[in-house]
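These notes are about the structure you will find just below.
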């Protein structure tokens, strides 16, 4: 049962990865495209890591560190991109 749940989490993560790429071909602004891509990539990556956690639970410290790093990195990157785009508009 754990094996199936693990594969399901990994599959959900892959779906999020591909789902995040579809807004890139739309007519929206660049910031909307980056936001949707980063949110989908973060959720997909966390889902994949959780699926790996279910498959190899003895590696839990490394996998928890990976989830925390993903959450912090993508949050900070979003703020940096928003700051850079707002300071470009002010000049």
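In region 65-91, how many residues are more than 12 Å from the chain's Cα centre (by Cα) and modelled with pLDDT under 90? Outline the logic, then answer.
Just the residues of region 65-91 that are more than 12 Å from the chain's Cα centre (by Cα), to begin with: 65, 76, 79-91.
Next cut, modelled with pLDDT under 90 only: 76, 79-91.
Of the residues in region 65-91, 14 are more than 12 Å from the chain's Cα centre (by Cα) and modelled with pLDDT under 90.
If you check 51, 20, which single one turns out to be crowded, with 17+ Cβ neighbours inside 10 Å, under 30 Å from residue 83 (Cβ atoms) and touching a helix residue (DSSP H, G or I) at 6+ places or on another chain (Cβ under 7 Å)? Talk me through it step by step, then tell me what you get.
Working: 51 fails: under 30 Å from residue 83 (Cβ atoms).
Exactly one residue qualifies, and that residue is 20.
Does residue 56 satisfy the condition of being touching a residue at least 24 places away in the same chain (Cβ under 8 Å) and exposed (fewer than 13 other Cβ atoms within 10 Å of the Cβ)?
Numbers: touching a residue at least 24 places away in the same chain (Cβ under 8 Å): no; exposed (fewer than 13 other Cβ atoms within 10 Å of the Cβ): yes.
No.
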Verdict on residue 43 being in a helix (DSSP H, G or I) and in contact (Cβ under 8 Å) with a residue 40 or more places away in the chain: no
Residue that is modelled with pLDDT under 85 and touching a helix residue (DSSP H, G or I) at 6+ places or on another chain (Cβ under 8 Å), where the choices are 43, 31: 31
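The values are calculated or read from the model by the stated rules, or taken from the named source; none is laboratory data. Being a predicted model, the structure only gives us computed values, none of them experimental. As a convention, Cβ positions derive from the backbone with ideal geometry for all residues, glycine included, and neighbour counts pool all protein chains shown.
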